[in-house]
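The values are calculated or read from the model by the stated rules, or taken from the named source; none is laboratory data. Everything numeric here is computed off the predicted structure, so don't read it as measured data. In this analysis, Cβ positions are derived from the backbone assuming ideal geometry, glycine residues included, and neighbour counts consider all displayed protein chains. The accessibility values were calculated without ligands, DNA or RNA, using every heavy atom of the protein model including side chains. Shrake-Rupley method; radii C 1.70, N 1.55, O 1.52, S 1.80 Å.
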Amino acid sequence: MARQGLRPLRELWWTPLQYESEAALWRNVRLLETSPEPRAVEPSCPERARIAVYTPGHVGDVLHTVPLMRALRAARPQGDLTWIVGPWCAGLARRYAFANRVEVFSPAWEQYRRGQAGPWFAEQAAWGRAQQPVEVFVSTANADLATLFVGRSLRPTWWCG
């Protein structure tokens, strides 16, 4: 029987994974293994909830997320709203006043990086360890390994997306 590696994962889970190197896939699997376990608590979204929105895509994805950010700010005006975007869109995201802060996380996937070098494993792992738990995590991205890593790093009580 021939060695299949991660081919079944690529074929079954997410079509763009077919374009990623096997090293990138293994690195992201390892990031998941080292990320915190999800919290087992009752979901809540108090008035001062910590809310994180993850938009790793490019300009169009960030612009399509603006109505969501506006609605979250209107629903939780006293909430602590963080918008996590890729470095290619941080300047654009900061132009909107919905979030208390814009944070940068750069997935090392070819589809996001477009041939550019990605962050090292240690950089991504350190970013994950530095995150504080949130009440709500909203992902506007496909459920790829990087999104799972970001979500697990934030340890939300509610995960939407």
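A DSSP coil position with no more than 14 other Cβ atoms inside 10 Å describes the following trypsin sites (Lys or Arg not before Pro) in region 60-161: ARG95, ARG114.
Computed from label points 7 Å out along Cα-Cβ, the spacing between VAL104 and ARG30 is 2.4 nm.
Ordered by solvent-accessible area of protein heavy atoms (1.4 Å probe), largest first, the residues TRP159, TRP127 come out as TRP159, TRP127. How high is the FRET efficiency from ALA126 to GLN78, r the C-beta distance, R0 30 Å, rounded to 0.05? Given R0 = 30 Å and the Cβ-Cβ separation, E is 0.50. Comparing LEU25, THR55, PRO36 along the charge dipole axis of region 17-86, the residue lying farthest to the positive side is THR55, per the Cβ-charge model. Taking PHE98, PHE121 and ordering them by how much accessible surface each has at a 1.4 Å probe, largest first, produces PHE121, PHE98.
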